[in-house]
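Following: one structure in structure tokens, then a few remarks.
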Amino acid sequence: MSQCPYQELCGGCSFRHLAQEQYQELKIQKVKNILQGLKEQNYTFLPPIFIDDSQRRRASLAFSFKKGSLTLGFNKEQSSELIDIASCCLLSKSLNQILPSLKEVLLQLCMVKTPQYKKNKIIGYNNISKGDVWLTQADNGIDIVLEFEGEINLEYRMIISEFALNNDSVIRVSHRKNDMSMAETLVEKIKPYIKIADYEVYIPAGTFLQASKEAENKMIALVEKYVGDTNGKIADLFCGVGTFSYPLSRNPNNKILSVDASKALLEGFQTSVNKNMIPNIQIQTKNLFKYPLDEQELSGFEAIVFDPPRAGAEEQVKKIIQIKENAPKKIVAISCNPHSFIKDANILTDGGYKLKEVTMVDQFVYSSHTELVAYFEK
């Protein structure tokens, strides 16, 4: 366990005060207690996968500017107050190395006085007072999204350009007003990519990725273990950037249907598929919460892989169990919320699927969050 000077204040690592063995035993027991809610208890709980410190490749930090001073870091536990951090035990070496320069450029941006006009007259000045920063460690450099209200004027652009040019590890900087708006690319030296199954996968600004490369590879290995020998149609639902589609497409006998709701994300996915000339991935934009694939659309699929947000895939799994003819023989459920997993798993077992194995993947180190990978057979 790495010693963290902020562990008594920061709300990010609730269990860092525990010895590593004690923490891991506690985490396993908490997950097993939740899994008591499964109707199907005759399954194998495989050895948990624990990810080490310094493996986080993405992070969201908040910043605030008050009385000429800038604070950059994470919230206190159960508080809106920010803890100013110099480095974080969770983050990769590269992300920690950029934090001092990042703090400096944020201070410069916050000190800019932006004139406010009324009837073509200046009536006062505003400045950036708070916001968020989204960091992603791509395989070829650091991707940064600055998030704060307001327009990006020429002075902001000059400050950000100088920051990017003076930091070799920074390959793209974008801005958005909030996490629901599109990011505008301000500086892009080279397009950020991650490697999945030996393919270079280009990622949109601020896109969701598994928190660590190691955890992603472990989960891919589990998915390949369960459905890698399948020959036929496989659905990858809530597919994201294609984390599981790419490795499954390496079998030329497979036809992958990759479905997600984000048009912008899937446009990047399609660009990577085209660039890598992958003929057996078909991408479809669909909100699976509101409009899940029905029994006609999923009939004839050999396997389904789904990796939904924390809310789970309840509406979609209800449709899966309605398939009467040519139902999928294998289902792999990846979950970032054991509680919603219970609901989805019980629907599947009620619908004729048998839960065979569950693996706990602990990539959110010393927190209460846990990933699960589960395998079902018809």
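The values are calculated or read from the model by the stated rules, or taken from the named source; none is laboratory data. Since this is a predicted model, take the numbers as computed values, not measurements. Positions of Cβ are generated from backbone atoms using ideal geometry, with glycine treated the same way; all protein chains shown enter the neighbour counts. We work out accessible area using only protein heavy atoms, side chains counted, and drop any ligands, DNA or RNA first. Shrake-Rupley method; radii C 1.70, N 1.55, O 1.52, S 1.80 Å.
Of Thr185, Ser92, Phe238, which is farthest on the positive side of the dipole of the chain, counting Cα position, with +1 on Lys and Arg Cβ, -1 on Asp and Glu Cβ, and the Cα centre as origin?
My answer, from the dipole projection, is Thr185.
Return one number: the angle in degrees, 0 to 90 and rounded to the nearest 10, between the long axis of the Cα atoms of helix 338-350 and the longest principal axis of the Cα atoms of the chain.
For helix 338-350, the angle is close to 20 degrees.
Could you work out the relative contact order of the chain? I mean the mean sequence separation of Cα pairs under 8 Å and 6+ apart, divided by the number of residues, in percent.
17
Carbon and sulfur: what percent of the chain's accessible surface (1.4 Å probe)?
Numbers: 8810 of 18110 Å².
Using a 1.4 Å probe with all protein chains present, the chain comes out at 49 percent carbon and sulfur.
Nearest 10 degrees is fine. How inclined is helix 213-227 to the longest principal axis of the chain, computing both from alpha carbons?
For 213-227 against the chain, the angle is about 20 degrees.
To the nearest 10 degrees, how steeply does helix 20-35 sit against the main Cα axis of the chain, on a 0 to 90 scale?
50
Report P(r) for segment 100-163: all Cα-Cα distances, bin width 5 Å, range 0 to the bin holding the largest distance, values in whole percent.
Per 5 Å bin, starting at 0, the Cα pair percentages come out as 3, 14, 24, 24, 14, 9, 5, 3, 1, 1.
If the convex hull of the alpha-carbon atoms of segment 245-313 is projected onto planes in all directions, what is the mean projected area in square nanometres? Intermediate results must be reported in sequence, preceding the final value.
On the way: hull surface 20.4 nm².
Projected over every direction and averaged, the Cα hull of segment 245-313 covers 5.1 nm².
Between rounded, prolate and oblate, where does segment 1-140 land on the alpha carbon gyration tensor, with a ≥ b ≥ c its root eigenvalues, rounded for a/c under 1.5, else prolate if a/b exceeds b/c? Kindly include the intermediate steps, with their values, before the conclusion.
Numbers: a/c = 2.74, a/b = 2.32, b/c = 1.18.
Prolate shape, in that a/c is at least 1.5 and a/b is the bigger ratio.
State the dimensionless ratio Rg/Rh of segment 199-285 (Rg: radius of gyration of Cα atoms; Rh: Kirkwood radius).
On the way: Rg = 12.2 Å, Rh = 13.1 Å.
Rounded to two decimals, Rg/Rh equals 0.93.
Rank Ser101, Ser64, Ser245 by mean-square fluctuation in a GNM of the chain with C-alpha springs under 10 angstrom and give only the top-ranked residue.
Top of the fluctuation ranking is Ser101.
At most 13 other Cβ atoms within 10 Å and a DSSP loop assignment: could you name the trypsin sites (Lys or Arg not before Pro) in segment 46-93 that fit? Kindly include the intermediate steps, with their values, before the conclusion.
On the way: sites: Arg56, Arg57, Arg58, Lys66, Lys67, Lys76, Lys93; in loops: Arg57, Lys67.
Hits after loop and neighbour filter: Lys67.
Quick one: compute the contact order of segment 145-274, relative version, from alpha carbon pairs under 8 angstrom and 6+ residues apart, as a percent. Please report the intermediate quantities before stating the final value.
Details: 173 pairs, mean separation 24.9, N = 130.
Contact order relative to length: 19 percent.
At 37 °C and a viscosity of 0.692 mPa s, what translational diffusion coefficient does Stokes-Einstein give for segment 1-59, taking Rh as the Kirkwood radius over Cα pairs? Give it in µm²/s as a whole number.
Working: Rh = 13.9 Å.
Value of D from the Cα-based Kirkwood radius: 237 µm²/s.
Any idea what log10 I(q)/I(0) is at q = 0.08, 0.11, 0.15, 0.19 Å⁻¹ for segment 221-378, Debye with uniform C-alpha scatterers and no solvent?
Listed by q, the Debye log ratios stand at -0.21, -0.40, -0.76, -1.24.
Report the charge-dipole magnitude of the chain in Debye, nearest 20, computed about the Cα centre from +1 at each Lys and Arg Cβ and -1 at each Asp and Glu Cβ. All intermediate terms of the calculation are to be shown ahead of the outcome.
Details: 45 positive and 45 negative charges, 143 e Å.
I would put it at about 680 debye.
Expressed as a rounded percentage, what relative contact order does segment 227-337 have, with Cα pairs under 8 Å and six or more residues apart?
Working: 206 pairs, mean separation 31.5, N = 111.
Relative contact order here is 28 percent.
With 20 Å bins from zero, work out the P(r) of the chain over every alpha carbon pair and list the percent per bin.
Over the chain, the share of Cα pairs per 20 Å bin runs 26, 53, 19, 1 percent.
Among DSSP beta bridges whose residues both lie in the chain, state the antiparallel percentage, nearest 5.
Working: 50 of 79 bridges.
The antiparallel proportion sits near 65 percent.
Can you give the accessible area per residue of the chain, in Å², using a 1.4 Å probe? Present the calculation step by step, with values, prior to reporting the outcome.
On the way: 18110 Å² over 378 residues.
On a per-residue basis, 48 Å².
When only DSSP loop residues count, what trypsin sites (Lys or Arg not before Pro) in segment 252-335 have their Cβ near at most 13 other Cβ atoms within 10 Å?
Numbers: sites: Lys255, Lys263, Lys275, Lys286, Lys290, Arg310, Lys318, Lys319, Lys324, Lys329, Lys330; in loops: Lys286, Lys290, Arg310, Lys324, Lys329.
When the trypsin sites (Lys or Arg not before Pro) of segment 252-335 are filtered for loop state and at most 13 Cβ neighbours within 10 Å, Lys290, Arg310, Lys324 remain.
Please sort by residue number the GluC sites (Glu not before Pro) in segment 95-201 whose DSSP state is loop and whose Cβ has at most 15 other Cβ atoms within 10 Å. Before the final figure, lay out the partial values.
Details: sites: Glu104, Glu147, Glu149, Glu151, Glu155, Glu162, Glu184, Glu188, Glu200; in loops: Glu149, Glu151.
Sparse-neighbourhood loop GluC sites (Glu not before Pro): Glu149, Glu151.
Among Leu222, Leu165, Leu209, which one shows the biggest mean-square fluctuation in a GNM of the chain, springs joining Cα atoms closer than 10 Å?
Fluctuation is largest for Leu165.
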